Structure formats: C-alpha cells, structure tokens
1. Among the numbered criteria (1) touching a residue at least 60 places away in the same chain (Cβ under 8 Å); (2) under 30 Å from LEU19 (Cβ atoms), which single criterion is violated by LEU275?
2. Test ILE309 against the criterion of being in contact (Cβ under 8 Å) with a residue 40 or more places away in the chain, under 23 Å from VAL125 (Cα atoms) and part of a helix (DSSP H, G or I), and give yes or no.
3. Got a number for residues in segment 229-253 being without any contact (Cβ under 8 Å) to a residue 60 or more places away in the chain and surrounded by fewer than 23 Cβ atoms within 10 Å (Cβ to Cβ)?
4. Sort out for me the strands (runs of 3 or more DSSP E) sitting completely within segment 1-95 that have 1 or more residues that are assigned by TED's automatic domain parsing to the domain that holds GLN110, within 16 Å of GLU107 (Cβ to Cβ) and touching a Leu at 6+ places or on another chain (Cβ under 8 Å).
5. Between a first residue in segment 32-50 that is on the phi > 0 side of the Ramachandran plot and a second residue that is crowded, with 18+ Cβ neighbours inside 10 Å, which pairs have beta carbons less than 7 Å apart while being 6 or more apart in sequence or on different chains?
6. Can you name the condition, by its number, that ARG226 falls short on among (1) loosely packed, with under 14 Cβ neighbours inside 10 Å; (2) over 22 Å from the mean Cα position of the chain (by Cα)?
7. Given the options ARG229, ARG203, ARG195, name the one that is among the charged types (D, E, K, R) and under 30 Å from ALA117 (Cα atoms).
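The values are calculated or read from the model by the stated rules, or taken from the named source; none is laboratory data. Since the model is a prediction, treat every value here as computed from it, not as a measurement. Every residue, glycine among them, receives a Cβ derived from its backbone with ideal geometry; neighbour counts consider all protein chains shown.
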Amino acid sequence: MRDAALAIDLGGTKLLVGLVDPNGRVLARQRIATPPGGPEAVARAIRVLARSLRADAGAAGATISGAGVAVAGPTDHERGVVYHPPNLAGWGRETSFGPLLARELEETVQIENDANAAALGEAWVGAGRGVPDLVYITVSTGIGGGLILGGRLHRGANGTAGEIGHVVVDPDGPQCHCGNRGCLEVFASGTALARQAREAVGRGAPTSLQALAAHPNEITAAAVARAARDGDALAAGLYREAGTRIGVALGNLVALLNPKMIIVGGGVSSAGDLLFHPLRAAMRARVYPRQALEVVVAPAALGEDVGIIGAAALVHLGSADRAAGPT
C-alpha cells in the first residue's frame, strides 16, 4: 500500500489540495478559490477537500502519511506559524495555522513559505533534481526565492532567507511595499511590468498596447509579453530591462553563494527568451568567468503543481534539511 502526502498550496486567490506519492507524482488534485473569512475558514475548506481526496486515496490503495502546506507568507516552520501573509485577507500578524489545521485534519502538518517549498520541490523531482547547490526564483505577481545549499533547504536565522525580490538593485528607485526603495520586485515582477506598460500608454508612447488604453486592467505582464513577441519595441524593452535587473540581482547571489544552478519559475518566466536572454547576459557580465561558466540557468519544470509537490516533499523527505543531493 502506497503512502501519499496531503499537499496544500495556499495562495491569496487559489487553494490547491492534492495527493502526492513518494516519487513526487500527483495522484489527484482539487482547486477552489481561497475562502474568505480568515484561517479558520481556510482550514475548514481544506478539511472538506481532504475528505474527498482521502476517499480517492483509499480507493487507490493509498494511505495518507501527513500533510504539508506551502503558503504565501513568512513562516516559522518549526512552530507552524504564518506571519502577516500579505495576500490572505482576515489573517493576523501571527497565525498558528499548522496546529489549527492539524486539529481539523487529525494529521501531522508541516508549514513552509511557498517559495521555499517550490525550491524544495524543484530540487526533489524537478529541474534541480540531483543538484545540491541551487537558487530558485519565482517571478510572478511578486518575486520570491528559495535556496538549496549543500543539499539542504536554507531558511536562515528566522526563516526569511532567499527573499531575492527585496534585494535592492537601485537605491534611488521607486518605493517598494516593504518600505525600502529600489527593490528588484518594483522593477521586474509581473505587477511592475504591467505598471510600467500602463504608464507608457498613459504618456502616449508608441506601442501596440495603446489599443488597450481604454481598458488599462487588461494591460498585464502576459499582454506585454504577447506584444513583445509580436515585435512591439516598447514591450520588448520592458522585458529586456526586467531580465537585466533580475540578472544583476542573481549575479550578486552567484558571487556570494556559487550555486551550480539557478531555476527560474513563475508566470513571468513563461515569456521564455524575452526574459532569459537579458537575464543570462546581465548575470554573466557581473561574476567571475569561472562562476559564469559553471552556473546553469534553467526554467522551472513543475509548472502549477510546484506548490503541492514542494508541500509533499516536506512530508516525504522527513525533513526539509534533506532537500536535495546527488541521486
């Protein structure tokens, strides 16, 4: 009889719950909008989805061996605490969500920041399988990251290591929601790309995106990517600048950590070479030649399942300290 992890990917808009086997294969999944009403409402919704998935697991001859949660917000992995998650309405500054969910599910629950969980998943069965030293970066609505060093997930002194979105790339740049100025996230996230495109349209800049001027909410990072692929010079320039900014930040991490691989995920990375070409060029221009030669920059492999696979890794690996390594 196979063991399956109950894996939960909890974000500001979606709640994805799945069953994942010890080889990282997703056996079943259910997705709903994240319930309003705070952590208690979310825990109840997970319990309902888990009940259905447990029935599926029993029919397939599998047993649940524990639950893992990837959540969009700072966490204390040891205590199961989520700190002031920016996109979860009704959550307080400090929520003991692990113990709350454990009571609802009657299972052992492990909590991890979503970017750390994604790094763990990619190191376990994704693009970084068998690579003991890697950096994972997700470029989406915001920018986050996770570090696998010496085959272990590196959380730092209080669980906040890997926050590459808040590396300052221009101290005189725009203010970030974190309070600093010039963070990478304000230049190169999906939110930033959309904002920059709207500003350009508002100035009357020549661009095919002017066709969306009457519907500014439709000027998204995906729309900018489409325009760039179609030859729009302004849109291509925005992606080139974003890739360059990310490359500068990653060059600093390469100089400091000397990883073997950098894995880039998130919705903005789906633009492909529009982002990756300037990113690689900027990174390699700013590190020692030997470091530039060794490091591999690769797209993430796990797609939308990266959160539940990373959450399952918390269960199946026994300890996130044994995240990755030669296989």
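1. (2)
2. For ILE309, the condition - in contact (Cβ under 8 Å) with a residue 40 or more places away in the chain, under 23 Å from VAL125 (Cα atoms) and part of a helix (DSSP H, G or I) - is met.
3. 12
4. The strands (runs of 3 or more DSSP E) meeting that bar are 2-10, 14-20, 62-71.
5. Listed by first residue and then by second, the contacts come to GLY38/TRP91.
6. For ARG226, the exception is condition (1).
7. Just a single option satisfies the conditions, and that option is ARG195.
Table: residues versus (1) in contact (Cβ under 8 Å) with a residue 60 or more places away in the chain; (2) outside the structural domain of LYS260 (by TED's automatic domain parsing); (3) under 14 Å from the mean Cα position of the chain (by Cα).
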| residue | (1), (2), (3) |
| --- | --- |
| ALA119 | yes, yes, yes |
| GLU122 | yes, yes, yes |
| LEU134 | yes, no, no |
| ILE137 | yes, no, yes |
| GLY156 | no, no, no |
| ALA161 | no, no, yes |
| VAL168 | no, no, no |
